[in-house]
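These notes concern the structure reproduced below.
The values are calculated or read from the model by the stated rules, or taken from the named source; none is laboratory data. Computed from a predicted structure; not experimentally measured. Cβ coordinates were reconstructed from backbone atoms using ideal geometry, including for glycine residues, and neighbour counts include every protein chain displayed. When the accessible area is computed, the model is the full protein with side chains, heavy atoms only, and any ligands, DNA or RNA have been set aside. Shrake-Rupley method; radii C 1.70, N 1.55, O 1.52, S 1.80 Å.
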Amino acid sequence: MPPKESADLLIEARWVMPVAPVNTVLTDHAVAVTAGRIVALGPSAQLQARFEPRERVLRGEHALLPGFVNAHTRAAMTLLRDLPVYGPRMRWLWETVLPVEQRCMSPDFVRDGTQQAIAEMLRAGITSFADMYLFPEEAARVAGAARVRAAIGLPVADGPTPWESTTAHLANAERLWDEYQSDPWVSLYFAPRTPYALSDATLARVRRVADELDARVAMHISEYEVRRPLLRLQELGLLRPGFTAIQPRRLDEEDLEIITRTGICLVACPQANLRFGGELWPLAKLDAQHVSIGLGTDTAAAVGALDILAEARTAALIEHELASAEVLRMATLGGATALGLASLVGSIEPGKAADLVCFDLSTLPCQPCARPADAILFAATRNQVTDVWTSGRAAVSDGHLLAFDEQELRALARQWAERIRMGVAA
Ligand SMILES: [Zn+2]
């Protein structure tokens, strides 16, 4: 018998759902990990014979999946979860959110809020997220320290903001770009505000800088656009495969044609959209046309939870033509594509980073468990996540969050809630 190969970690699970190829459920399979990367996926018996792992994790009633990807959020706003929510969205933002942000916005607010969000996301099996908020340097630092995969948006706005002028925004962005160019956890993208808030000149400038740096661009496409936003962005040269449109409203046939022709990615935030009375666009139709679709939570201040499984379930309930496996692909590989990370994460394939999540499917609501994809999507909750690894290191182990001190975070959230209630600046 040949000598066994060494491995850092061997995870054996009742089911492995690699996502690529889609709709595959492997029974009694295992994943071997070395130096943070997946080195093998195969039947447990085979990998036991082949590897001598330093650590072995047995999950006999569990499904192992790639970590979920939250393709759009505003992490720090988790601290604003206490605020009342009502529609329409713009009125809520102007009347309730903005005044609080103006009082509290600071590097500390973003640091503490992002920590809170990452802890919640890890517990929910989310190992990658795209953030779009202010003080990106704080969010980037927290994400890197917590060892989660983060795409951090570099804000671009016309007019004064905490980063002052548009020129200062872009100068700051370029500085951060150099700092994070080869970071293993953090990637950056340009996050201009919604098209209606930006001049053609600024958008053209963003395109030039993004082209120069080969950077991704992601934008919220608001329901308050005066001109056809996708057509306008296309005319300005912004729509290319490195562009992600977040929750665009009112997609008509012409928009669908622009999306398929330019190869842009889309991100749907089903719960936030429904909460403000929006319609969900034709996900099944777009998916059938091979448009890359990721799922996002948007802000926890609106939806209450950073829970990609709940977003996936909502999408599946609205779009009944979508199979569970397709929705789970959106929640993983689809999101990874929208973040520009599809070669690194989003599926369980040798060579990819070992960003993995384990669901306990032994609970009563998941019985009988003939179709694990359906059980995860329709019967399980994020509380059934028992283990989470990022680059092969456990962030959640057997139900315990290792990456953060939850008690400390709870105290911090309460302190911020008090400051917000008292109207005190940080
Ligand atoms: Zn948003």
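When the range 56-103 is filtered for residues that are more than 16 Å from the ligand (Cβ to nearest atom), among the acidic types (D, E) and either modelled with pLDDT under 95 or under 23 Å from L344 (Cβ atoms) (or both), the ones remaining, listed by number, are D82, E95.
Filtering the range 191-207 to residues that are under 20 Å from A151 (Cα atoms) and either within 16 Å of the ligand (Cβ to nearest atom) or surrounded by fewer than 19 Cβ atoms within 10 Å (Cβ to Cβ) (or both) leaves A191, P192, R193, T194. Among the residues examined, L154 does not qualify as part of a loop (DSSP other than H, G, I, E, B) and either modelled with pLDDT under 95 or over 30 Å from D355 (Cβ atoms) (or both).
The condition of being of a type outside the set (V, I, T) and more than 22 Å from Y189 (Cα to Cα) holds for E254. Looking only at the range 1-18, how many residues end up being open to solvent by 70 Å² or more (accessible area, probe 1.4 Å) and among the small types (G, A, S)? Residues meeting the conditions: 1. For the range 325-350, which positions are open to solvent by less than 10 Å² (accessible area, probe 1.4 Å) and over 12 Å from the mean Cα position of the chain (by Cα)? Answer for the range 325-350, where residues must be open to solvent by less than 10 Å² (accessible area, probe 1.4 Å) and over 12 Å from the mean Cα position of the chain (by Cα): V327, L328, S347, I348.
Checked against (1) in contact with a Leu (Cβ under 6 Å, 6 or more places away or on another chain); (2) open to solvent by 20 Å² or more (accessible area, probe 1.4 Å); (3) without any contact (Cβ under 8 Å) to a residue 40 or more places away in the chain, R313 passes all but a single condition, namely (3).
Looking at the range 309-345 only, could you name the residues that are over 28 Å from R147 (Cα atoms) and assigned to a loop (DSSP other than H, G, I, E, B)? The answer is E319, H320, E321, L322, A323.
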